[in-house]
Amino acid sequence: MATLVQRPPSSTSPSLKKQKVSASAGPNPSILRFEGHLHLRQRLLLATVSGRTIRIDKIRVNEDEFPGLADYEVSFLRLLEKVTNGSHLEISYTGSSLLYKPGVITGGKIVHDCPNSRAIGYFLEPLIAIAPFAKVPFHLTLNGITNDNVDVCVDTLRTVTLPTLQKFLPVIQTTNAPLDLKITRRGLGVKRIRGIAYATRISPQMANRVVDSARSLLSRYIPDVYLYTDVYKGAESGKCPGYGVSLVAETTTGVLYSAECSYQPRKKSSQEVLAEGDEIPELKLGDGAIEESTAVVGSAARAIVSTATQEGIAGHLQNDYTFPTPEDLGIRAARLLLTEIRKGGCVDGNAQWLSILMLALGPEDVGKVRVGTLTPFSIQLLRDLKQFLGVVFKIGEEPEEEVTDEEGNRIYTSLKGTVVLTCLGTGYVNVNKNVT
């Protein structure tokens, strides 16, 4: 269970088939129309912020066993109804079509139970972007799975996403309503590395072994590495045993990079099973996908194929990492963090989309942000922002950077050049505070 608080002043069905995703004005120009279930969450987010009515058709119409909206998607729609006032939602009998007319973002105290098919990060991530535009501060309590290998874990949201959002908010707003995320239960140029290894309903030694293995690799590059353990037992731990780790690296300029890896031997539903040899194009690092051409450490390692989640192009749920030992999991998480650092940029890959959205909603002036390799999620967000807000980004790729020492010897070469995104903000104003 996780609670997102903005304190007032004292007084997150599979389909391996390529889907058609289209947008058009349709018969009613005020309604944006889309097809397919891909990127459903971010389109609902943009509709809520911009006030545009959207209609989405042909949602998993080719699926015989699980057609229409999945349970977690319906739950997210219900959550949007809770955080807004006056929203109108229509879902067809088969669940393959929906019409969403957003209302006023009210905020306030909200409690929501998330289904076990997706982690809390699936639901919390878009609400973090909505919260600054609410009429009153959010006090949101979500009950569900806190960590898995599909969605961003709550630790990453707390240590990276919230601080990234705070950079875009006025000082007076963060002073009057500070951002805070509490986890009450669990189901180069780098200045320091911090992390937390968690374990639920298993021996605390599992978390300790994850910490030792991750530290053994990270300490080769920087001495300031502190990893902590967070063990939950009994009623505080939920119903599923498991363990994992969330790592955060901070640079000398205040940039935060994150990586996470978790293992839960929970039984996968039939809609989460991926047939051996199936391939899915592209992926998003940090959503449980793998970008390397080599096999994962462990007995479950196999020839790597690109996999993606609901938001990551193919819309398939994948959570089948089984590591033979906690040491393998810790090494894997450390390597993911080092890869994220080497990509560069001023924003972590998990918070990349948030920076893009805040630039589009920012003042009517030129805004610029430097990021690492653009994720498929961010690429699709750029397309949707043009549809919803009419914002077009200028994308400039920086060349690969070769770092040398004082004698001119090459130390390392960046994996890829960073990308500079530039746009003219829309000057979005939070009118909800003035609505009675």
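The values are calculated or read from the model by the stated rules, or taken from the named source; none is laboratory data. This one's a predicted model, so the numbers in the text were calculated from it and none came from an experiment. With ideal geometry, Cβ positions are generated from the backbone for all residues, glycine too; neighbour counts draw on all protein chains shown. Surface areas here come from the heavy atoms of the whole protein model, side chains and all, with no ligands, DNA or RNA. Shrake-Rupley method; radii C 1.70, N 1.55, O 1.52, S 1.80 Å.
Pairing each residue of the range 322-334 that is crowded, with 24+ Cβ neighbours inside 10 Å with any residue that is of a type outside the set (A, V, I, L, M, F, W, C), provided the two are 6+ apart or on different chains, yields C-beta distances under 6 Å for 326/209; 329/263; 330/213. Screening residue 330 against (1) modelled with pLDDT of 90 or more; (2) among the small types (Gly, Ala, Ser); (3) under 30 Å from residue 215 (Cβ atoms); (4) not assigned by the TED database to the domain that holds residue 165 leaves a single unmet condition, (4). Of note, residue 62 satisfies the criterion of being assigned to a loop (DSSP other than H, G, I, E, B), over 28 Å from residue 355 (Cα atoms) and not charged (D, E, K, R). None of 212, 230 is under 25 Å from residue 115 (Cβ atoms), open to solvent by 30 Å² or more (accessible area, probe 1.4 Å) and at pLDDT 90 or above except 230.
May I ask you to verify whether residue 91 is more than 23 Å from residue 169 (Cα to Cα) and touching a Cys at 6+ places or on another chain (Cβ under 9 Å)?
When the stated conditions are applied, residue 91 does not pass them.
Out of 4, 16, one residue alone is farther than 19 Å from residue 138 by Cβ, at pLDDT below 85 and within 23 Å of the chain's Cα centre (by Cα). It is 16. Restricting attention to the range 48-66, the residues that are in contact with a Pro (Cβ under 7 Å, 6 or more places away or on another chain) and surrounded by fewer than 21 Cβ atoms within 10 Å (Cβ to Cβ) total 2. Taken as a whole, the structure places residue 336 among residues that are modelled with pLDDT of 80 or more and either under 25 Å from residue 208 (Cβ atoms) or not assigned by the TED database to the domain that holds residue 395 (or both). For beta carbons closer than 6 Å, sequence separation of 6+ or different chains, a first residue in the range 102-120 that is of a type in the set (Ser, Thr, Tyr) and a second that is surrounded by 21 or more Cβ atoms within 10 Å (Cβ to Cβ), the qualifying pairs are 117/72.
At pLDDT 80 or above, open to solvent by less than 40 Å² (accessible area, probe 1.4 Å), in the same structural domain as residue 117 (by the TED database) and part of a loop (DSSP other than H, G, I, E, B): does that describe residue 69? Considered against the rule, which asks whether it is at pLDDT 80 or above, open to solvent by less than 40 Å² (accessible area, probe 1.4 Å), in the same structural domain as residue 117 (by the TED database) and part of a loop (DSSP other than H, G, I, E, B), residue 69 comes out as yes. Please verify whether residue 188 is under 30 Å from residue 428 (Cα atoms), modelled with pLDDT under 85 and outside any helix (DSSP H, G or I), treating the condition exactly as stated. No. The one condition from (1) more than 27 Å from residue 429 (Cα to Cα); (2) in contact with an Asp or Glu (Cβ under 7 Å, 6 or more places away or on another chain) that residue 89 does not meet is (1).
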